[in-house]
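Student: Please read through the structure below; I'll follow up with questions.
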Amino acid sequence: MNKNKWIEYALSQGMESVEIYQSLSTQKEITWFSGQMDTFVSSHVLGTMIRGIVDGNMASMALEDTDDDKMEEVISSLIKQAKTVTTKEKDSLRKPEKTEEVMKNVSDILKKHQEVVKEKELVKPSMDQIKQTLELIEKKCLAYDPRVIQVSYLSFEEATGTREITNSYGVQVYDEDKMNAVGCSVAVSQNDEIKDDALVKVVYDLEKFDVDAYVKELCDKALSKLNATSLKSGSYPVIFEKDAMTSLFASFVGLFSGDLIFKGISPLKGKENTKIFSDKITIIDNPRNLEALTIANYDDEGCPTKEKVLVDKGVFSSMLHDTKSALRMHAESTGNGFKSGYASNVGVSPMNCYIQPGDKSLDELCQDMQEGLVITELAGLHAGIDFVTTNFSLQCSGYYVKSGKRDHSVSLITVAGNFLEMMNDVKAVANDLEWEYKQIVTPSIAFNACAISGE
């Protein structure tokens, strides 16, 4: 695809501006089952999206065939699409920043990133290393405890992703990220009760990967679900363990979307610079956070990314914008215009968004609580959440704490509440923030009380 040729032709046909977005993802996945390699899958996917504006109206098209002989047909179709748009709102594509400032900024980021990569360098493993590691994980899981009855799924994945954005205003940016990961799920059984759990870990160097620690964490998670009992309905002190808290927070992180705020869908409309959460809560969005698995120097519109403090000690201090929501609210894009895939439209999305950790460990939060519930897993997140009111009612499981120590596993219960009210009732924030492969994370958080439905 001769991008310059496509852009020049589009402009000659009356388009005001045009953008070409391309992503290339490569993936290799090896699965292991019953002592041998089960599957080996390799994929190489190039995706292209072209966007163009005519009379202030935008049209877009995902392309499977990017041969130059398709250029006239594609551009003609885009122009026809744009002319059918009836909205009074005008769209625009991203114009470049001052080149010197952007390049200096990106250069600094990449320099720092290279320094971090040296500490956690991604080492490409041999096929023999992968097979030996997977075989060892399977054997150790099955030998860990007689109640572990099966390794249901076991895999090693290598993935690389690149993004390139070029538009008629002179924007031309490129980003790349890489990841290796081990994933495993086990089934456990006792007294005709069967439970399972899974664990994914990012791996930088297989030679340094602690298989024993991985097996222990996975198997203990699964075994802890056995012999769980319900609780009597009532109000309990509750700690949302980091994974459960991350799931809940991710369901409501759209509260900070400039698009949803503009539309009045987010209940935070009109509340900027006011206190919305406990002063123990600070929320940061930073696509360039070097502690995260991946960074983005630019969003999917070519806008340079930056760190934003969304909530500063409980005060709603800033929202997230892509180009369109920024135009609507007479603001500047925050570099949060991202796609869920190359063929999808750009929308406001957080990246490397997290709640700032506190000082205490999860064990210390349990000690401080003395008696109460630790929720480790949530279910029914799609059906049990009302985003507009921030009410939620979710099935959950975890364990009960007595005298500051874990007492017994708990399941068949429901936790209900209002997210905004709940985040004003924070007792303490733990220090156990972990990024791993997620782009939205929180530490464990203790709340004074939550409504629990059980027996």
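The values are calculated or read from the model by the stated rules, or taken from the named source; none is laboratory data. Just so you know, these numbers come straight off a predicted model, no measurement behind them. In this analysis, Cβ positions are derived from the backbone assuming ideal geometry, glycine residues included, and neighbour counts consider all displayed protein chains.
Student: Among the residues of the range 279-305 satisfying the criterion of being part of a strand (DSSP E or B) and at pLDDT 95 or above, which is surrounded by the fewest Cβ atoms within 10 Å (Cβ to Cβ)? I'd like the intermediate steps shown before the answer.
Tutor: We begin by selecting, within the range 279-305, every residue part of a strand (DSSP E or B); these are 283-285, 298, 304.
Applying the additional criterion that residues be at pLDDT 95 or above yields 283-285.
Numbers: I283: 25, I284: 17, D285: 27.
Taking the candidates together, the pick is I284.
Student: If you don't mind, another one. Please verify whether the range 271-278 includes one or more residues that are more than 28 Å from V401 (Cβ to Cβ) and in a strand (DSSP E or B).
Tutor: Yes, the range 271-278 has at least one match.
Student: If you don't mind, another one. Just to be sure I understand, how many residues within the range 371-382 are at positive phi and in contact (Cβ under 8 Å) with a residue 60 or more places away in the chain?
Tutor: Looking only at that region, the number is 1.
Student: Any chance the range 353-363 includes a residue that's under 29 Å from V45 (Cα atoms) and touching a residue at least 12 places away in the same chain (Cβ under 8 Å)? It would help to see each step written out before you state the result.
Tutor: Here is the first cut: in the range 353-363, the ones under 29 Å from V45 (Cα atoms) are 353.
Checking the rest, the ones that are also touching a residue at least 12 places away in the same chain (Cβ under 8 Å) come to 353.
Within the range 353-363, one or more residues are under 29 Å from V45 (Cα atoms) and touching a residue at least 12 places away in the same chain (Cβ under 8 Å).
Student: Any residue in the range 401-424 that's farther than 22 Å from F256 by Cα: show its pairings with residues that are crowded, with 18+ Cβ neighbours inside 10 Å and polar (S, T, N, Q) at Cβ separation under 7 Å, as long as the two are six or more apart or on different chains.
Tutor: Pairs that qualify, where the first residue is farther than 22 Å from F256 by Cα and the partner is crowded, with 18+ Cβ neighbours inside 10 Å and polar (S, T, N, Q), are S409/S224; V410/S397; S411/S397.
Student: Let me ask you something else. Within the range 428-452, can you find the residues that are over 22 Å from E364 (Cβ atoms), touching a Ser or Thr at 6+ places or on another chain (Cβ under 7 Å) and crowded, with 17+ Cβ neighbours inside 10 Å?
Tutor: Result: K438, I440, I452.
Student: Which of the strands (runs of 3 or more DSSP E) found entirely inside the range 342-403 contain at least 3 residues meeting this: surrounded by fewer than 20 Cβ atoms within 10 Å (Cβ to Cβ)? Don't jump to the end; show me each part of the working.
Tutor: Working: elements: 353-355, 372-379, 391-402.
Strands (runs of 3 or more DSSP E) meeting the threshold: 391-402.
Student: Scan the range 122-138 and report the pairs whose first residue is under 14 Å from Y214 (Cβ atoms) and whose second residue is in a helix (DSSP H, G or I) and of a type outside the set (A, V, I, L, M, F, W, C), with Cβ atoms within less than 9 Å and a gap of 6+ or a chain change.
Tutor: Going by the 9 Å Cβ cut-off, the qualifying pairs are I137/Y214.
Okay, residues lined up against (1) out of contact with any Asp or Glu (no Cβ under 8 Å at 6 or more places or on another chain); (2) among the hydrophobic types (A, V, I, L, M, F, W, C):
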residue	(1), (2)
Q356	yes, no
L362	no, yes
D407	yes, no
V410	yes, yes
K427	no, no
E434	yes, no
P443	no, no
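Student: Here is a follow-up. Quick one: which residue in T39, T31 is assigned to a strand (DSSP E or B), among the β-branched types (V, I, T), without any contact (Cβ under 8 Å) to a residue 12 or more places away in the chain and under 26 Å from D177 (Cα atoms)?
Tutor: Values: T31 fails: without any contact (Cβ under 8 Å) to a residue 12 or more places away in the chain.
That would be T39, the only listed residue that is assigned to a strand (DSSP E or B), among the β-branched types (V, I, T), without any contact (Cβ under 8 Å) to a residue 12 or more places away in the chain and under 26 Å from D177 (Cα atoms).
Student: Among the residues of the range 76-90, are any modelled with pLDDT of 85 or more and farther than 30 Å from H330 by Cα?
Tutor: Yes, the range 76-90 contains at least one residue that is modelled with pLDDT of 85 or more and farther than 30 Å from H330 by Cα.
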